[in-house]
1. Give me the percent relative contact order of the chain, please, defined on Cα pairs under 8 angstrom at least 6 residues apart.
2. Using the Kirkwood formula on the Cα atoms of region 53-104, what hydrodynamic radius do you get, in angstrom to one decimal?
3. Going out from 0 in 5 Å bins, what whole percent of all Cα-Cα distances in region 22-109 drops into each bin?
4. Over all pairs of distinct alpha carbons, what does the Kirkwood formula give as the hydrodynamic radius of region 1-65, in Å?
5. When the C-alpha atoms of region 69-152 are aligned to their principal axes, what extent does each axis show, in angstrom, from largest down?
6. Which entries of LYS2/LYS124; LYS14/LYS88; LYS14/LYS97; LYS14/LYS113; LYS2/LYS113; LYS20/LYS88 have Cα-Cα distances beyond 21 Å here?
7. So for the pair GLN34, HIS137, with labels modelled 7 Å out along Cα→Cβ, what separation do we get in nm?
8. Select from LEU22, LEU76, LEU87 the residue whose mean-square fluctuation is largest in a Gaussian network model of the chain (Cα-Cα springs shorter than 10 Å).
Amino acid sequence: MKRSKRLQVIVDIKAQQEQKALEILGQSQRQHTQMKGQVEGLTIYRKDYVDKCNAFAKDGVKVSRLIEFRSFIDKLDMAIVGQEKILKSMEQDVLLKRNMWEAMHRSTQSIQKVRETALKIEQKHEDKREQAEQDEHASRLGRKKTTNIGAV
């Protein structure tokens with residue numbers, strides 16, 4: 001088997017691995033985007049809830065009701081902090097997966113270049129072989145014509 005054919009097998013395997021890494025990266029990015037949306041939604045909900053609490057407080061409200069509002073806001077704050085930690089972790093995961101895909105991509109490109117070089121070398125050898133065959137064939141024809149002319 002020619003070197004370029006053996007290298008093509010490796011290129012195909014690397015390309016499949018690269019494609020899988022790209023799919024994993026895409027999935028991780030989608031999850032990150034979704035989590036970012038959830039954090040933003042939770043933050044907006046907290047702001048609206050605080051505005052609602054302030055509106056009730058203007059009209060005068062019982063201390064127990066105010067404590068309930070404050071307790072719920074504290075729970076929202078804890079949930080937001082927890083979600084933001086998860087979001088940061090997901091950002092790191094996306095970065096790691098992007099770096100892995102980029103490394104695989106560079107590796108695939110390198111092997112592809114080696115394969116292309118092998119193909120060029122093989123083509124040059126093939127061209128030289130064909131040229132040698134044509135030269136040999138032409139010299140035989142030339143000898144045959146010379147022999148036929150001398151025999152007449």
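1. Relative contact order for the chain comes out at 48 percent.
2. After inverting the pairwise mean of 1/r, the radius is 14.0 Å.
3. Histogramming region 22-109 at 5 Å steps yields 3, 13, 16, 14, 11, 10, 9, 7, 6, 4, 3, 2, 1, 1 percent.
4. Numbers: mean 1/r = 0.0597 Å⁻¹.
Its Kirkwood hydrodynamic radius stands at 16.8 Å.
5. Here the Cα extents, ordered largest to smallest, are 120, 15, 5 Å.
6. Cα-Cα > 21 Å for LYS14/LYS88; LYS20/LYS88; rest within.
7. Between GLN34 and HIS137, the simple spin-label model gives 6.4 nm.
8. In the Gaussian network model the winner is LEU76.
The values are calculated or read from the model by the stated rules, or taken from the named source; none is laboratory data. Keep in mind that what you see is a predicted model, and the values were worked out from it rather than measured. Ideal geometry is used to build each Cβ from the backbone, glycine not excepted, and the neighbour counts take in all protein chains shown. All accessible areas refer to the heavy atoms of the entire protein, side chains included, with ligands and DNA or RNA removed. Shrake-Rupley method; radii C 1.70, N 1.55, O 1.52, S 1.80 Å.
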